[in-house]
Amino acid sequence: MKVLVSVKRVVDYNVKVRVNADNSGVDLSNAKMSMNPFCEIAVEEAIRLKEKGIANEVVVVSVGPKAAQDTLRTALALGADRGILVETEEQVESLGVAKVLQKVVQEEQPGLVILGKQAIDSDNNQTGQMLAALTGMGQGTFASEVLVDGESVAVTREIDGGLQTVSLKLPAIVTTDLRLNEPRYASLPNIMKAKKKPLETKTPESLGVDVKPRVKVLKVEAPEARKAGVQVNSVAELVGKLKAEAGVI
Amino acid sequence: MSILVIAEHNNVELKDATRNVVAAAQAIGAEVDVLVAGFSCSDVAEAAAKLTGVRNIILAESKAYEHQLAENISALLLEVAKDYSHILAASSTMGKNLLPRVAAALDVAQISDIISVESPDTFKRPIYAGNAIATVQSAEPVNVITVRTTAFDAVSTTGAAQIIKVFNDIDCGLSAFVSDQLVESERPELGSANIVVSGGRGMGSGENFSILESLADKMGAAVGASRAAVDSGFVPNDMQVGQTGKIVAPDLYIAAGISGAIQHLAGMKDSKYIVAINNDPEAPIFQVADFGLVADLFEAIPELEAAV
Ligand SMILES: Cc1cc2nc3c(=O)[nH]c(=O)nc-3n(C[C@H](O)[C@H](O)[C@H](O)COP(=O)(O)OP(=O)(O)OC[C@H]3O[C@@H](n4cnc5c(N)ncnc54)[C@H](O)[C@@H]3O)c2cc1C
């Protein structure tokens, strides 16, 4: 079975972003960029499926600027076999990404597609579900366990009330949650080897997909800052303040 | 312009989140219907009919909808939601799972996790773990939206909407429910509790969470956790508060043994009052706390329980 994994290049999760002075967006100049953490978990899961002999090829795809090549190389260093960059300078929305991925799915015919549940920049949590709709496949979102069994896959999902397990007909779409696995680090020899793995470049146009944004960002602002608090020296003082000042207990 | 709200429920009870989503819908326009899709869920429809200001309840009962499988419910929505200008659901795991599938099938963008309605096509939503707030305008013929429930005050229950049954029963055959492992709790729901007491890695173990639970019970509070506490297996996943867990905004949030990572703050920094209890005076959680107590939580929490 072939497994297709999509990865996104995003600002590193340790960076606290700031809004631009002109309120047009956030300032990412000089910010450290990394693979979206949920995509790392997706790559890891695919590699484990290959190590278990369930997958025979892991293909990674990214939709983004030229620099997203680095993100694909990281995935190749972790153990993916081949990469596809769908290059565009446009800020592609989830629907656009899902449409591009739909074309890649048509070309590659994977048995399973694994995506991160959400990108930590736009925080949308949409692409996997949209891809499932466009390809007419079942979806196992927010996965904490994925068990492939012949023609189907059992996916345990992290839901608000606890866990839910669903069975999906293959091919299917899975999106990862935090507890699915702990991603490995790439070793130096594997980073060197990854440089020789195939990486193909396409464009949304060459795939016949219109990725123009549908939603206009009118402005981006900093959230309201919380006013500075106080240090209390004892539990008694804390309780006093909660009763008298805050009135919450 | 009419708006369809997808009810959040478990076939027995209507979840509070639906009341907040109806409030968001009413900030958009007056004609609000609620879809109750499930199995043997007429009690839920009755409860939804009482939501103030709702026009009609659309009730679709079928085995295919019992477990809210997105494949089947999105197919139902494509049938029943044709005439609506807006489709709204809570930014819960149900809403997040379902609505993007509906949006893509309609070939429209989705707007996730709105925190305010500026006009019927313009909304505010947090991005980058809440470190920026974007104002976005949609030009889509149908607006598919998930709602951050803590940002809208729940509607009351003085209504008497009409219940309209639809007899449509679509099983796409793509997915099947296998099992649930639901966490039973007598405590208030995390997302709507007035007080939340949360523990982090500093709790040290699952057993130690009992001191937080005991405090929570005395205060009538819900219990939450950081990702580290969930990843370490101290508590189940449904307790995670944060960017990629649950969003809470209670009157009082007490964080014990939580350092205050951006991803955790994203889930609780809209709380009215924040108390931090941490033995590291440099912990970033103190920067957002209204009241900070530098102390060992194993001493402070029982002392707090005795004092409230
Ligand atoms: C993609 C992604 C998504 C994430 N999503 C979330 C999310 O939704 N929610 C979330 O919470 N995190 C999330 N995280 C994780 C986040 O970055 C932090 O790692 C996590 O919040 C840390 O949890 P913690 O504060 O409990 O642990 P730590 O950072 O280890 O802090 C433990 C704290 O306990 C204190 N402590 C220890 N012992 C005691 C004691 N006896 N008394 C008092 N204080 C004590 C320590 O001083 C320390 O400050 C995410 C991370 C990533 C990469």
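I'd like the full set of residues that are within 11 Å of the ligand (Cβ to nearest atom) and out of contact with any helix residue (DSSP H, G or I) (no Cβ under 6 Å at 6 or more places or on another chain), limited to the range B:264-277. Hits for the range B:264-277 are B:HIS264, B:LEU265, B:GLY267, B:MET268. When the criteria are applied in full, A:LEU28 meets the requirement of being over 12 Å from the mean Cα position of the chain (by Cα), surrounded by 15 or more Cβ atoms within 10 Å (Cβ to Cβ) and more than 26 Å from A:GLN106 (Cα to Cα).
Looking at B:ALA17, B:ALA27, B:ALA49, just one residue is farther than 16 Å from B:PHE152 by Cα and either of a type in the set (A, V, I, L, M, F, W, C) or more than 14 Å from chain A (Cβ to nearest Cβ) (or both), and that residue is B:ALA49. Taking strands (runs of 3 or more DSSP E) as the structural unit, those lying wholly within the range A:22-103 and holding at least 1 residues that are within 16 Å of the ligand (Cβ to nearest atom), away from chain B (no Cβ under 14 Å) and not small (Gly, Ala, Ser) correspond to A:33-35. A residue that is hydrophobic (A, V, I, L, M, F, W, C), in contact with a strand residue (DSSP E or B) (Cβ under 7 Å, 6 or more places away or on another chain) and over 15 Å from B:ILE6 (Cα atoms) can be found somewhere in the range B:118-126. Applying the condition of being at the interface with chain B (Cβ under 8 Å from one of its Cβ atoms) and surrounded by fewer than 24 Cβ atoms within 10 Å (Cβ to Cβ) to the range A:138-156 and asking which residue is nearest to A:VAL11 (Cα to Cα) yields A:SER144. Condition check for B:ALA216 on (1) within 21 Å of the chain's Cα centre (by Cα); (2) near the ligand (Cβ under 9 Å from one of its atoms); (3) surrounded by 21 or more Cβ atoms within 10 Å (Cβ to Cβ): one failure, at (2). Scan the range B:248-263 for residues that are within 6 Å of the ligand (Cβ to nearest atom), farther than 21 Å from B:ASN194 by Cβ and over 19 Å from the mean Cα position of the chain (by Cα) and jot them down. Residues satisfying the conditions are B:GLY257, B:SER259, B:ALA261. In the range B:248-267, the residue that is surrounded by the most Cβ atoms within 10 Å (Cβ to Cβ) out of those that are within 11 Å of chain A (Cβ to nearest Cβ) and in contact with a strand residue (DSSP E or B) (Cβ under 9 Å, 6 or more places away or on another chain) is B:ILE254.
Could you tell me which residue of the range A:205-249 is farthest from B:ASN278 (Cα to Cα), considering only residues that are of a type in the set (Asp, Glu) and more than 9 Å from chain B (Cβ to nearest Cβ)?
First pass over the range A:205-249, keeping only residues of a type in the set (Asp, Glu): A:205, A:210, A:221, A:224, A:237, A:245.
The next check asks that each one be more than 9 Å from chain B (Cβ to nearest Cβ); those that pass are A:205, A:210.
Values: A:GLU205: 54, A:ASP210: 51 Å.
Result: A:GLU205.
Of the conditions (1) surrounded by 12 or more Cβ atoms within 10 Å (Cβ to Cβ); (2) under 21 Å from B:ASP107 (Cα atoms), A:LYS212 satisfies every one except a single condition; which number is it? Unmet condition: (1).
How many residues does the range B:97-120 hold that are within 7 Å of chain A (Cβ to nearest Cβ) and among the hydroxyl-bearing types (Ser, Thr, Tyr)? Counting residues in the range B:97-120 that are within 7 Å of chain A (Cβ to nearest Cβ) and among the hydroxyl-bearing types (Ser, Thr, Tyr) gives 1.
Comparison of A:GLN118, A:GLN91, A:GLN109, A:GLN102 shows that the only residue that is closer than 24 Å to A:LYS212 by Cα, out of contact with any strand residue (DSSP E or B) (no Cβ under 6 Å at 6 or more places or on another chain) and loosely packed, with under 15 Cβ neighbours inside 10 Å is A:GLN91. Within the range A:176-204, the residues that satisfy the criterion of being of a type in the set (S, T, N, Q) and either free of Cβ contacts under 8 Å to residues at least 60 places away in the same chain or more than 14 Å from every other protein chain (Cβ to nearest Cβ) (or both) are A:SER187, A:ASN190, A:THR201, A:THR203.
Counting the residues of the range B:158-190 that are more than 9 Å from chain A (Cβ to nearest Cβ), hydroxyl-bearing (Ser, Thr, Tyr) and either surrounded by 14 or more Cβ atoms within 10 Å (Cβ to Cβ) or within 26 Å of B:GLU79 (Cβ to Cβ) (or both) gives 1. One residue stands out in the range B:290-300 among those that are surrounded by 17 or more Cβ atoms within 10 Å (Cβ to Cβ), facing chain A (nearest Cβ under 9 Å) and within 12 Å of the ligand (Cβ to nearest atom): the one that is nearest to the chain's Cα centre (by Cα), namely B:GLY292.
B:GLY245 - would you say it is near the ligand (Cβ under 8 Å from one of its atoms) and more than 17 Å from B:SER192 (Cα to Cα)?
Considered against the rule, which asks whether it is near the ligand (Cβ under 8 Å from one of its atoms) and more than 17 Å from B:SER192 (Cα to Cα), B:GLY245 comes out as no.
Only one of the numbered conditions (1) under 18 Å from B:VAL108 (Cβ atoms); (2) under 20 Å from the mean Cα position of the chain (by Cα) is not met by B:SER85, and that is (2). Considering the range B:219-229, the residues that are within 11 Å of B:ARG187 (Cβ to Cβ) and free of Cβ contacts under 8 Å to residues at least 60 places away in the same chain include one that is farthest from the ligand (Cβ to nearest atom), namely B:GLY220.
Do we have any residue at all in the range A:8-17 that's more than 16 Å from the ligand (Cβ to nearest atom) and either at pLDDT 95 or above or not in a strand (DSSP E or B) (or both)? No: zero hits. In summary, no helices (runs of 4 or more DSSP H) completely within the range B:1-107 bear 2 or more residues that are without any contact (Cβ under 8 Å) to a residue 24 or more places away in the chain and within 23 Å of B:GLU189 (Cβ to Cβ).
Scanning the range B:67-76 finds no residues that are closer than 30 Å to A:ASP22 by Cα, surrounded by fewer than 24 Cβ atoms within 10 Å (Cβ to Cβ) and at the interface with another protein chain (Cβ under 10 Å from one of its Cβ atoms).
The values are calculated or read from the model by the stated rules, or taken from the named source; none is laboratory data. Quick caveat: nothing in here was measured; it's all calculated off a predicted structure. Note that each Cβ is placed from the backbone with ideal geometry, even for glycine, and that neighbours are counted across all protein chains shown.
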